[in-house]
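Worksheet: the structure to be examined is printed underneath.
The values are calculated or read from the model by the stated rules, or taken from the named source; none is laboratory data. A quick note: this is a predicted structure, and the numbers were derived from the prediction, not measured. Backbone-built Cβ (ideal geometry, glycine too); neighbour counts: all protein chains shown.
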């Protein structure tokens, strides 16, 4: 009987010690409160001892958390209303601050992400929101990091996920893009005409120095027409021949008038 009475306290102490053993994974840390006061350093990973009810432990994960920011109604700087959502990647770097400085760091990070998304994107124009995503992502990450830093949270990346535009704005952007394409097409066409005119001018200068070159071009044109199995034969008539005939007719007419005056 005395041996059994001694065995009971030993069993109670053994069970208490076994229940005091806690195992923390590599990505976990344990913030321990002893008699209500926090220990200076979090415990883990591995096997640790938590002596309840004197000690109370809060597990904190150090892995990267992914949080989707719900769609927010944002009014841009040029007064366009859009719906924007984003994704925030963050992790706990100081477990003690994440437990002591904020009641629920996940909820707090979610709320500050929503307000930051509205405030930062409300300061930019629609074109910047659509065309400079990387710049805005870096700015959002910097602002969020400043807010969550005192809580022991490090925001590693923020990505604007989707921008929903009103239907009339989509049509306006489509018209703008079409007008831009037409403008570029006209500019390219004009540049082509300008280059072609320059080349033709250079060719005319060469032909002027070498008149025989125009005859070679005539012959080349006849060869090209003949290769297309065309029965029509085109004989190019140089403008110089017409000019020469005109000058000859004018000279003959003037000579006849002089002879008629002499006979009279």
Quiz item: touching a residue at least 12 places away in the same chain (Cβ under 8 Å), in contact with a helix residue (DSSP H, G or I) (Cβ under 8 Å, 6 or more places away or on another chain) and in the same structural domain as residue 160 (by TED's automatic domain parsing), is that true of residue 52?
Solution: no
Quiz item: Exactly one of (1) part of a helix (DSSP H, G or I); (2) at pLDDT 90 or above; (3) surrounded by 11 or more Cβ atoms within 10 Å (Cβ to Cβ) is unmet by residue 159. Its number?
Solution: (1)
Quiz item: How about the range 61-90: which of its residues are in contact (Cβ under 8 Å) with a residue 60 or more places away in the chain, assigned to a loop (DSSP other than H, G, I, E, B) and more than 21 Å from the chain's Cα centre (by Cα)?
Solution: 64
Quiz item: Taking the condition under 26 Å from residue 135 (Cα atoms), surrounded by 10 or more Cβ atoms within 10 Å (Cβ to Cβ), touching a helix residue (DSSP H, G or I) at 6+ places or on another chain (Cβ under 8 Å) and in contact (Cβ under 8 Å) with a residue 24 or more places away in the chain, does residue 154 pass?
Solution: yes
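Given the criterion loosely packed, with under 12 Cβ neighbours inside 10 Å, over 23 Å from residue 158 (Cβ atoms) and either within 47 Å of the chain's Cα centre (by Cα) or outside the structural domain of residue 130 (by TED's automatic domain parsing) (or both), identify the matching residue among 99, 13, 58, 31.
Criteria check complete, one pass: 13.
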